[in-house]
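Only one structure is covered here, and it is reproduced in the block below.
FYI, it's all coordinate maths here, none of it is from the lab. In this text, all values refer to a predicted model and were calculated from it rather than measured experimentally. Cβ placement follows ideal geometry from the backbone for every residue including glycine, while neighbour counts extend to all protein chains displayed.
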């Protein structure tokens, strides 16, 4: 006689979520991914407890619960992108339960993914980033960090992990590590960034091996510290654009695309997994070209 799937009323939502997160950790998912899933799914469970008293276990969650939850998130003003991310977390959670025969069907099947809004990507014009750099010029560390941002397009998470050994001063390249199990990528270092790094290391000294950029206590600077610095200099420069380290990545990519760098080369430099992500900057550059043609019409 065939054994029936485990009866679900005995498995609480919290227990199933704990098992799911443990499975993700076993797959070597990043800490950021685990945190995002934990937050998104706990928010879903809290909503369920407040709106459907019968949903005491995963098997008692219906498709209607998910559609109502997405409607609730929309009324809160969450973007389509955020709602799509939360739905993706819920889908994977139910897929895990289904694969382990803890439920017989997934209520997420057939749920349409919320449409994601097209959002413009802020980037700095030449006059804006030159003002930014001039303000940071009195601090060799800050100036070097922002030059690396502008001249390589690295993510802030990648910049804080850079080590002194990642700089090849002879070959003029920067090695960027992309996470566990992923191969590092090499980005050419042009003279401005290379000179800024050399000046910083000359002041910093060689007493701190390991990480390249340090805080005032001689410890590796963190993402939050860099975010505060960017906000500080943006305020000083009078910039009204979003004060985020990511704006330098957008600036790098947009200006490189405008100046004819191929999408394939940009993809390698930016570390994109998909060429479609890189193409966004190419389209932005094309839009700028058409606007320039109109402005200089004969």
message = Starting from 0.36 nm per residue, how many nanometres of slack lie between residue 183 and residue 112 once their C-alpha separation is accounted for?
response = 22.1 nm
ask   = Quick one: Debye curve from the C-alpha atoms of region 8-99, no solvent, what's log10 I(q)/I(0) at q = 0.18 Å⁻¹?
value = -0.81
inquiry  = If I model a spin label at residue 56 and residue 259 as a point 7 Å from the Cα along the Cα→Cβ vector, what separation in nanometres do I get?
reply    = 6.6
key: Sites residue 214 and residue 130, calculated FRET efficiency, Cβ-Cβ separation with R0 35 Å, nearest 0.05   = 0.85
query = If you project the alpha carbons of region 112-264 onto the principal axes, what extent comes out on each, in Å, largest first?
reply = 53, 39, 32
query = Can you sort 149, 143 so the residue with the fewest Cβ neighbours within 10 Å comes first?
reply = 143, 149
query = What ranking of 57, 16, 157, 138 emerges when the number of other C-beta atoms within 10 Å of each C-beta is taken as an exposure proxy, fewest first?
reply = 138, 157, 57, 16
